[in-house]
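Structure first, then comments.
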Amino acid sequence: MQKLSDCFILANNVSIPCIGFGTWQISDDNTVVQSVLTAIETGYRHIDTAAAYENEKGVGQAVRSCGLKREDVFVTSKLWNTQRGYEKTLAAFDRTMANLQLDYLDLYLIHWPANAKQSPDWQTINQETWRAFEKLYKEQRIRAIGLSNFLPHHLEPLLKQAEITPSVNQIEFHPGYTQQETVDFCKSHQILVEAWSPLGQGKVLSNPELLRIAGKYKKSTAQICIKWCLQNGILPLPKSTTSFRIKENASVFDFELSVQDIQTINQLPHCWDSGFYPDKIDF
Ligand code: A2P
């Protein structure tokens, strides 16, 4: 990847710009509109939102008013957990599109798998939700469909039933929390891994080893985290509402991490994670 508009290619041949602008925890007011507009001005061509972020309206407004053609910005949203199941998913998708005020979506994800703690029927619930995703995909209302926070044991039963293989799995991924088994599973099934909270919500940026490596390249630890994702073949979704950080996080194409430094970061001991584990969450 040499620039922000360079793309990973999904299994269904859709191109997805290599760094997405994350919008989790950005409120649906002028803040999200301005942040997304700054990101697009900076050169980001990929915006990641979700029904649960409650900022789809502002994201859509920014995408519609940024001056680019619709096809030049890749937009992702996600189905929230209360809306699982075939009919509810179809209705929730309509609401997302009404919020965004866009004609089509580039990527739609199941935000979290139904899990055994929530329902003994969790596998069927995920399959039914996926069936609705497949219908929307076949109707060309979405260019690619995928998952978020699915671990291999959630993926396996879904893959057995799926007519259309998920293109993406978006998981928590940052130095000190790499979920290697899930990453390996996805890579072996041609499922692109996206990293949510690639900066560990800012909490891994003071890690001494990362600071040492950042000093060597004269880059910030945030830039090291983002570059490390890219060089691992993983698509990072850094979030910021601060203009200079939005720019800083995109300025990662003038250096390459050495194989040794990538391995050092891959092997960093656990330092922080969100605590949102897909089998334990009760939301
Ligand atoms: P802010 O939005 O105030 O700029 P993640 O993407 O891992 O969830 O991390 C998001 C958090 O990291 C936010 O608190 C954000 O703060 C902060 N952040 C984003 N970019 C940078 C950066 N380049 N340097 C330091 N902190 C950053």
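Net charge dipole, the chain: roughly 400 debye, given to the nearest 20, about the Cα centre with Cβ charges of +1 for Lys and Arg and -1 for Asp and Glu.
Using a 1.4 angstrom probe on heavy atoms only, work out the carbon and sulfur share of the accessible area of segment 1-98 in %. Kindly include the intermediate steps, with their values, before the conclusion.
On the way: 1870 of 4040 Å².
Answer for segment 1-98: carbon and sulfur cover 46 percent of the accessible area.
Entry note, the chain: the mean residue ellipticity at 222 nm calculated from DSSP H runs of n ≥ 4, each adding -39500 (n - 2.57), is -11500 deg cm²/dmol after division by the residues and rounding to the nearest 500.
Post the alpha-carbon centroid distance, segment 91-121 to segment 221-259, in whole angstrom. First find each Cα centre; the distance between them is then 28 Å.
Remark: relative contact order (segment 131-259) = 19 percent; criterion is Cα-Cα distance under 8 angstrom and separation of 6 or more residues. Checked against a 19 Å cut-off, the cross-linked pairs LYS57/LYS78; LYS3/LYS78; LYS78/LYS135 give Cα-Cα distances beyond that limit for LYS3/LYS78. Note on segment 2-81: Rg/Rh from C-alpha atoms, Kirkwood Rh, equals 0.96.
With only Cα atoms counted, the chain has Rg and Dmax values of 17.9, 53 Å. Cα-based radius of gyration for segment 154-283, normalised by 2.2 N^0.38 Å, reads 1.11. Ligands, DNA and RNA left out, the 1.4 Å accessible surface of segment 130-283 is 49% carbon and sulfur atoms. Our summary gives segment 7-266 a relative contact order of 18 percent, counting only alpha carbon pairs under 8 angstrom and 6 or more residues apart.
Sorting the segments 82-93, 234-245 by their residues' average number of neighbouring beta-carbon atoms within 10 angstrom, most packed first, yields 234-245, 82-93.
Say R0 is 51 Å: what FRET efficiency, to the nearest 0.05, do LYS3 and ASP282 get from their beta-carbon distance?
0.75
Each principal axis of the Cα atoms in segment 60-129 has its own extent, and those three values, largest first, are 48, 17, 14 angstrom.
Could you provide, to the nearest whole Å², the per residue accessible area of segment 155-283 with probe 1.4 Å? Each residue of segment 155-283 exposes 45 Å² on average to a 1.4 Å probe.
If you wrap the tightest convex hull around every Cα atom of segment 124-175 and split its volume per residue, you get 79 Å³.
The values are calculated or read from the model by the stated rules, or taken from the named source; none is laboratory data. Note that the structure is predicted; figures quoted are calculated from it, not measured. Counting neighbours? That spans all protein chains shown, and the Cβs are built from the backbone with ideal geometry, glycine included. Surface accessibility is based on the protein's heavy atoms, side chains included, excluding ligands, DNA and RNA. Shrake-Rupley method; radii C 1.70, N 1.55, O 1.52, S 1.80 Å.
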